[in-house]
1. In segment 106-125, which residues are assigned to a loop (DSSP other than H, G, I, E, B) and under 19 Å from residue 186 (Cα atoms)?
2. Answer yes or no as to whether residue 40 is at pLDDT 95 or above and either in contact with a Pro (Cβ under 6 Å, 6 or more places away or on another chain) or acidic (Asp, Glu) (or both).
3. Suppose the filter is under 21 Å from residue 71 (Cα atoms) and either at pLDDT below 85 or in contact with a Ser or Thr (Cβ under 7 Å, 6 or more places away or on another chain) (or both); does residue 87 pass it?
4. Give just the number: which of (1) assigned to a helix (DSSP H, G or I); (2) open to solvent by 60 Å² or more (accessible area, probe 1.4 Å); (3) hydrophobic (A, V, I, L, M, F, W, C) does residue 28 not satisfy?
5. Residue under question is residue 57, and the condition is that it be open to solvent by 10 Å² or more (accessible area, probe 1.4 Å) and over 18 Å from residue 221 (Cα atoms); does it hold?
6. Scan segment 24-43 and report the pairs whose first residue is in contact (Cβ under 8 Å) with a residue 60 or more places away in the chain and under 19 Å from residue 112 (Cα atoms) and whose second residue is among the small types (Gly, Ala, Ser) and part of a helix (DSSP H, G or I), with Cβ atoms within less than 7 Å and a gap of 6+ or a chain change.
7. Give me the residue from segment 188-214 that is in contact (Cβ under 8 Å) with a residue 24 or more places away in the chain and surrounded by fewer than 19 Cβ atoms within 10 Å (Cβ to Cβ) and, out of that set, nearest to residue 106 (Cα to Cα).
8. Just give me the residues in segment 205-223 being under 13 Å from the mean Cα position of the chain (by Cα) and either modelled with pLDDT under 80 or aromatic (Phe, Trp, Tyr) (or both), in sequence order.
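The values are calculated or read from the model by the stated rules, or taken from the named source; none is laboratory data. The structure presented is a predicted model; accordingly, all values stated were derived computationally and were not measured. Every residue, glycine among them, receives a Cβ derived from its backbone with ideal geometry; neighbour counts consider all protein chains shown. Only protein heavy atoms, including side chains, enter the accessible area calculation; ligands, DNA and RNA are left aside. Shrake-Rupley method; radii C 1.70, N 1.55, O 1.52, S 1.80 Å.
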Amino acid sequence: MENQNKKETIRVVLVDDQTMIRQGLGYVIKMQKDMEVSGEASNGEEAVKIVGEIIPDVVLMDVQMPNMSGIDATREITRLHASIKVLILTTFDTYDYIVDGIRAGAVGYMLKDSDSQDMLDLIRRAHQGEALFYTATASKALAEVLQFQQKNHEPDSDADCDSALPPLVMFDQLTDRERDVLEQLSYGKRNDQIAQHLLISGGTVKTHIHRILQKMGVEDRTQAVAKAIRYKIVK
């Protein structure tokens, strides 16, 4: 039983240049039975190094830090470790930060003054494969990113350099309904919300998601959303 519980623990790395912020976040996380703080970093360079050594489940990433920004660190971490979920936790509800974070591969965005329970919910849901952007500016930015992608169906230069990403032919294999489901996933919708929006059953949603993951060659819904955003294929 002890080994089983250990496997279920969500391993979190905290990245922030302010010691008090890390201590506060760490205190809240350590109080949870299903989470642990596996490491800390005070700047982007340290984050990339520590994450590479620990391989945690989730990273809480600040944006403005010395040596390497949180956005650059996120881009490097998601490039090297596709399974790790990076969540942007910042003071700034800024459009450019949010868009850059999405492009870098972050699967969530939350302000530091948010309720601690919302933060814990963000960690758990991201670990389960959801993408979550909790601020009004984030929702607007994500919507505009997706609208822009509809007009631009070619991968950007960064994506061209990433050999781990699948070719566009994989996306072309998606049916119209699978694209609809992928779009809903990109908005952080749960299966029951997708079913209600598309007027289909929960079982059908699960089937579509399973096929989407197979066709895109990814392990979970977060990776599917990240690659869809990078390749600009979500309508």
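1. 106, 107
2. Details: at pLDDT 95 or above: yes; either in contact with a Pro (Cβ under 6 Å, 6 or more places away or on another chain) or acidic (Asp, Glu) (or both): yes.
Yes: the conditions hold for residue 40.
3. Answer is no for this residue.
4. Result: residue 28 fails condition (2) only.
5. Numbers: open to solvent by 10 Å² or more (accessible area, probe 1.4 Å): yes; over 18 Å from residue 221 (Cα atoms): no.
Considered against the rule, which asks whether it is open to solvent by 10 Å² or more (accessible area, probe 1.4 Å) and over 18 Å from residue 221 (Cα atoms), residue 57 comes out as no.
6. Between residues of segment 24-43 that are in contact (Cβ under 8 Å) with a residue 60 or more places away in the chain and under 19 Å from residue 112 (Cα atoms) and residues that are among the small types (Gly, Ala, Ser) and part of a helix (DSSP H, G or I), the close pairs are 28/116.
7. 190
8. 220, 222, 223
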